[in-house]
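> Sending over a structure as structure tokens; questions will come in a sec.
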């Protein structure tokens, strides 16, 4: 358990705003107190004075304790309604938009020197930069005039700022502006300015009033500008201008009309273009929609017929003043800056503080004894410091992570640090079985020649020599990191056999774009929907499928701007993108643009809708009458071998796709031998697919050379384990998970069928036969465990207990070799079903002991398995010697009885294994020699590398 308390010795202002609703009972009449304001109900206002006398009033609530008729503070001839309405915490109007507790604020923290009259520059700013440019360009109207042009009182600060957003060339926009100005004329606390949101495409002719308002704000001072804009907001003015009246006829006294006319008649309309872009991209408003922004708080969009009049502005002003405005103003006044700067500060501080989540105030913890139970690091004397207290259990993973973080903090800030040890009194086992380093440096490092250092380094010093270590990384959820340089086997680090230092270099290869997708009609994920991610020049760089599990999808990307699209085919034919959230394009834009511009997680939400003529179409159907297979079909397959016929189709380009996983140098050695055994027994082109997550740099460096030598293709695939799916902690179980949980999303969508072959397997036949094997409509086919070696009966756990009952006469299948019809697998959403079952069972540590094997066998009723003929996989542990001569593949599976090492078993069981091993070793020796002499065919190697990246 860990607690951190942080304190800072400086002056600061914290405002807590508690929203609550109470009912004020008043002899059958009621008032609603909302956010500390009493709002009298309408029937109270109409009848309270006529139906009851003052002497009948019950004791008022505490909010009215300052005026109690029992103490003579309310006279008998005083109007009760008027008295109540004059109380400081009573508002005259209810407006749900203003009083709601769900509020959205602009980020006003950015600063720059850009303005809205430079549209080209404005377009390249981010959201914060656009807001800063809008704020820089604002000229405000106040009761005394225009504060930015004529300052009457340098010490006067206006704590309430209204930005009126609307199309001022339309009646609704003008009315909103007119009501704001009418309210502002009665208040010295308010300043207002305008943001144009045109309803139509911008032209010189349809922006007459907007241009007039802008010109007045830029050229006029004092009451002239205010009075002129008030005229422009009236309907009779708009009608006269539309009828051809000269705008000069509406000038007001004191107005410099020649200067105004010069700006008004200018053809440059960058300010309107910038305003329109700001409304669309930042405020998320549609064309012509209205809104009010009060001290950074966005109120809107207002409906077309929705009224927002002077009473609403009065209510909004009162709430700001009573809750935060006056308090912030009192502190800003101490800074003694000029009025406009001070008013801007109030607006920005109010927006910043109001947008923060409300929490409890700081609590001081008193520790009576710390002489022996705490580690102390004292701050520098005479300087402001943070007071940090950490309470930790030292033998937990949390303590491992916290310790380096505190050490870095001591280098960055002045802090008084105390670390208390909160140890468990009894431990039956050592909780920590690993060494941990948090890669965090206090500042950027440089080399002596002033160039950047290579990067942060994690060092493990004074390590014990005898244990066998495995090096793992814990990275942010959206990072895909790979090891790029190391000669060592990072899965098996035995320091006693290492001469010097074990070093490994890692690189951040991809950033993940994650998302969730839902059908707006059903509210459910559109199972099987396919997305592509690319650019304008290259629309399809990566693709993926939407899981039924939470509608989740992920796509690999790099920093930059990307376009998300529905994949051409049934996805694009049936669905359209309805809206999206968290993207970098407007919610209703046709193109979904996503910008990856930092290293944080990017999670978007996409809503889709079926096209009108496709409402009854099923995305997973291909036009046939084939239904999803269930228990009865599985029952028939288990006992009859299946009676359904299907045409055997060859894969595109007549290629054999083989998937395999390996981790560590030993299993990579087995993997290369397995590949060679496949290639020696077929004339059909082969493409190998490897799980990239755990391959060593040595293997990835050698595989292009081997591909060129034996004329095969290969591709490295990877998928980040979703954060919402129960995580495995052991590396072996993680690899097992990748063998079964992500088959529908791991491969490009053009791959229809693949074979999985374990790395420690030897192939003795042409795998084209297995590729073309008829699965009778099942999504995948596995080989059952042999039962011919009788001395192993005691180890066949599937013959009794749960498995015997669950399988009900079916075979228990081994996961060392299987064939997957990805088209069928995706069509029946087998991946979603497997992940759903895994999520339920994996919470129990006693379930799924052999994850990659137990899960498909457990799901045999929902995702049927086609049993392959026994000769497709022979294993000495379970199969008798007589059946070996018919074996098409030999698997070096572990023997729980003898526990014989795999290398010894390989040499003894498979005669050709040593020949394959020697051939690969000779190729590796030649590769290393050519590498050292610089003789590698760079062109051929590069072509292989490019193929891998596709």
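The values are calculated or read from the model by the stated rules, or taken from the named source; none is laboratory data. Nothing here was measured: the structure is a model prediction, and the numbers come from that model. Glycine gets a Cβ as well: all are built from the backbone with ideal geometry, and neighbour counts include every protein chain shown.
> Give the residue that is farthest from the chain's Cα centre (by Cα), with candidates limited to residues of the stretch 721-742 that are within 19 Å of residue 471 (Cα to Cα) and assigned to a loop (DSSP other than H, G, I, E, B).
730
> Moving on to the next point. Might you check whether a residue that is assigned to a loop (DSSP other than H, G, I, E, B) and exposed (fewer than 15 other Cβ atoms within 10 Å of the Cβ) occurs anywhere in the stretch 872-882?
Looking through the stretch 872-882, none of the residues is assigned to a loop (DSSP other than H, G, I, E, B) and exposed (fewer than 15 other Cβ atoms within 10 Å of the Cβ).
> Mind listing whichever residues of the stretch 194-213 are within 20 Å of residue 240 (Cβ to Cβ) and in contact (Cβ under 8 Å) with a residue 60 or more places away in the chain?
Selection gives 204, 207, 210, 211.
> Something else: Which one is nearest to residue 760 (Cα to Cα), of the residues in the stretch 799-821 that are out of contact with any helix residue (DSSP H, G or I) (no Cβ under 7 Å at 6 or more places or on another chain) and surrounded by 21 or more Cβ atoms within 10 Å (Cβ to Cβ)?
Going through the qualifying residues, I end up with 816.
> Return yes when residue 704 is over 16 Å from residue 542 (Cα atoms), in the same structural domain as residue 669 (by TED's automatic domain parsing), part of a loop (DSSP other than H, G, I, E, B) and modelled with pLDDT of 90 or more and no when it is not.
No; evaluated as a whole, the condition is false for this residue.
> Further question on the same structure: Which ones in the stretch 214-232 are closer than 14 Å to residue 247 by Cβ and either buried (at least 24 other Cβ atoms within 10 Å of the Cβ) or in contact (Cβ under 8 Å) with a residue 60 or more places away in the chain (or both)?
214, 216, 220, 228, 229, 232
> Does residue 210 fit the bill of being part of a helix (DSSP H, G or I) and modelled with pLDDT of 85 or more?
yes
> Counting only residues that are under 30 Å from residue 122 (Cα atoms), give me the helices (runs of 4 or more DSSP H) lying completely in the stretch 263-376 with at least 2 of them.
It comes to 270-281, 339-355.
Conditions tested, residue by residue: (1) assigned to a loop (DSSP other than H, G, I, E, B); (2) out of contact with any strand residue (DSSP E or B) (no Cβ under 9 Å at 6 or more places or on another chain).
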residue: 418; (1), (2): no, no
residue: 427; (1), (2): yes, yes
residue: 432; (1), (2): yes, yes
residue: 455; (1), (2): yes, no
residue: 462; (1), (2): yes, yes
residue: 484; (1), (2): no, no
residue: 489; (1), (2): yes, yes
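> For the stretch 649-700, enumerate the residues that are surrounded by fewer than 18 Cβ atoms within 10 Å (Cβ to Cβ), more than 22 Å from residue 746 (Cβ to Cβ) and under 39 Å from the mean Cα position of the chain (by Cα).
If the condition is that a residue be surrounded by fewer than 18 Cβ atoms within 10 Å (Cβ to Cβ), more than 22 Å from residue 746 (Cβ to Cβ) and under 39 Å from the mean Cα position of the chain (by Cα), then 665, 666, 698 are the ones that fit.
> Now for a different question. Within the stretch 772-785, is even one residue touching a helix residue (DSSP H, G or I) at 6+ places or on another chain (Cβ under 7 Å), assigned by TED's automatic domain parsing to the domain that holds residue 879 and farther than 18 Å from residue 859 by Cβ?
No, every residue in the stretch 772-785 fails to be touching a helix residue (DSSP H, G or I) at 6+ places or on another chain (Cβ under 7 Å), assigned by TED's automatic domain parsing to the domain that holds residue 879 and farther than 18 Å from residue 859 by Cβ.
> Pick from the stretch 251-260 the residues that are in a helix (DSSP H, G or I) and touching a residue at least 24 places away in the same chain (Cβ under 8 Å): which of them is farthest from residue 131 (Cα to Cα)?
Result: 259.
> Of all residues in the stretch 577-595, which are farther than 15 Å from residue 605 by Cβ and in a loop (DSSP other than H, G, I, E, B)?
Answer for the stretch 577-595, where residues must be farther than 15 Å from residue 605 by Cβ and in a loop (DSSP other than H, G, I, E, B): 590, 591.
> Do the conditions hold for residue 759, that is, is it over 27 Å from residue 718 (Cα atoms) and touching a helix residue (DSSP H, G or I) at 6+ places or on another chain (Cβ under 8 Å)?
no
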